[in-house]
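What follows is a short report on a single structure.
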Amino acid sequence: MAALPSISTASAPARAIVIFDIDGVIRDVSASYRRAIVATVRHFSGWSPEPSTIDILKGEGRWNNDWEASLELLRRHRAQPGRGESLPSLEEVVEVFSGFYFGGDPSGSPALWRGFIREEPLLVESGFFQDLSGAGVAWGFVSGAEQPSARFLLEERLGLRNPPLVAMGDAPEKPDPTGFLALAERLAAERGQTLGPDGPPVAYLGDTVADVETVRRARERRPEQPFVALAVSPPHLHPPERAEQRRAYEERLLAAGADHLLERTAALGEDPLGLLNAPLAPGG
C-alpha cells in the first residue's frame, strides 16, 4: 500500500473519527461517474442502462470500481439471448470511461479537463469539516475514486489542505477494510491515541452496500474497537418521484448492517457526537 499523506491537523485527542466515502457522499456523481458508466456501456453495446439497473448492481456489494461495473453490465447484457457482441478488455473500458469522465489527460492540469467531472454538485461545503474539527472529530477520506479526481474535489473545489486520503491504488478495493483501518489508525496516532476498547469510535459514511460491508469486515479484524457504519442514499434517489426506489435502496443498506441512515451528509455536522458516541458493543 502506498504511504498515506502526512496529516497537518493533529491536535488534541479526537473524541471520534469519521472517514468518508467521496462519490455520492461528498459530491453528486449522478451526472459524472454514473453518467460515464452509461456512456461507456452505450459506446460498446448501444444499450444505455437505467439508473435502477446500476443501483441493483451496486447493491450487490461487489462493484465499487466503476470500470469493473461498466464491464459487468456489458457482460450481463451480452449474456441475454440474441446478443453476440464481443466484450472489450478492461483496459479498453478504462480508456473510454476516462475520456467521458475527465475529457482530458487525468494526470494533466485540471484546467484542461472538459469531461463530466466538471458537472459534479457538492454535497457539503468546506465549513462542514471545520465544524467537525471544532467538535473534536478527526476526519479523512477512503474512496475508490482515482487520485486526480479525488484531489481535484477535495483540494481545489473544497479548499482542504492536504486532506487525509486513501484513493484508488493506495489500498485494496472496498469492501476490503485495509485502507479504512490504516487511515483510522493514522488519524488516531496523530492525536496520541490508538485504536482499541479505549480508543475513539470510528465511523465510515458511505452510500453503497460495499461501504457498509467495509465496516463489518473491519470489526472482524479489530473486534475490540468500536466502529459505526453510517449510510446515506445517493443523491439521484432523493427526488420525491423516486421515493419508492430510495426506500428499497435504504432497506438494502440496513440489511447489510448500517447502524444509522442519514437524510444527507451535511446532517452529520448538526450533532456528530450524538451519533458517533452512541453506545456500541465491541465489534458492533
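Points worth noting:
- Residues of segment 196-211 satisfying the condition of being farther than 12 Å from TYR249 by Cβ and in contact with a strand residue (DSSP E or B) (Cβ under 7 Å, 6 or more places away or on another chain): PRO200, PRO201, VAL202, ALA203, TYR204, LEU205, GLY206, ASP211
- When GLY159, GLY127 are checked against the criterion of being surrounded by fewer than 16 Cβ atoms within 10 Å (Cβ to Cβ) and in contact with a Ser or Thr (Cβ under 6 Å, 6 or more places away or on another chain), GLY159 stands alone in meeting it.
- Test: residue in segment 66-75 that is modelled with pLDDT of 95 or more, polar (S, T, N, Q) and closer than 19 Å to PHE44 by Cα: yes
- Residue list for segment 117-142, restricted to those being within 26 Å of ALA39 (Cβ to Cβ), touching a Gly at 6+ places or on another chain (Cβ under 9 Å) and modelled with pLDDT of 95 or more: LEU123
- Residues of segment 48-62 that turn out to be of a type outside the set (Asp, Glu) and under 17 Å from SER32 (Cα atoms), as a count: 7
- In segment 1-37, of all residues being β-branched (Val, Ile, Thr) and more than 19 Å from PHE227 (Cβ to Cβ), the one that is modelled with the lowest pLDDT corresponds to ILE7.
- Residue match in segment 110-123 (condition: within 28 Å of ALA14 (Cβ to Cβ) and touching a residue at least 40 places away in the same chain (Cβ under 8 Å)): yes
- Selection within segment 171-193: residues that are touching a helix residue (DSSP H, G or I) at 6+ places or on another chain (Cβ under 6 Å) and not in a helix (DSSP H, G or I). The member of this set that is surrounded by the fewest Cβ atoms within 10 Å (Cβ to Cβ) is PRO172.
- Residue pairs whose Cβ atoms lie under 8 Å apart, separated by 6 or more positions or on different chains, with the first residue in segment 138-155 and under 14 Å from LEU122 (Cβ atoms) and the second among the basic types (Lys, Arg) and surrounded by 21 or more Cβ atoms within 10 Å (Cβ to Cβ), are LEU153/ARG27.
- Residues satisfying the stated conditions in segment 38-54, i.e. modelled with pLDDT of 90 or more, assigned to a helix (DSSP H, G or I) and over 15 Å from GLY144 (Cβ atoms): VAL38, ALA39, THR40, VAL41, ARG42, HIS43, PHE44, SER45, THR53
- Residue list for segment 8-37, restricted to those being in a helix (DSSP H, G or I) and surrounded by fewer than 20 Cβ atoms within 10 Å (Cβ to Cβ): ARG35
- The residues on offer are LEU160, LEU90, and the sole one that is modelled with pLDDT of 95 or more and assigned by TED's automatic domain parsing to the domain that holds THR214 is LEU160.
The values are calculated or read from the model by the stated rules, or taken from the named source; none is laboratory data. Quick caveat, the model's predicted, so the values are computed rather than measured. We place every Cβ from the backbone using ideal geometry, glycine too, and count neighbours over all the protein chains shown.
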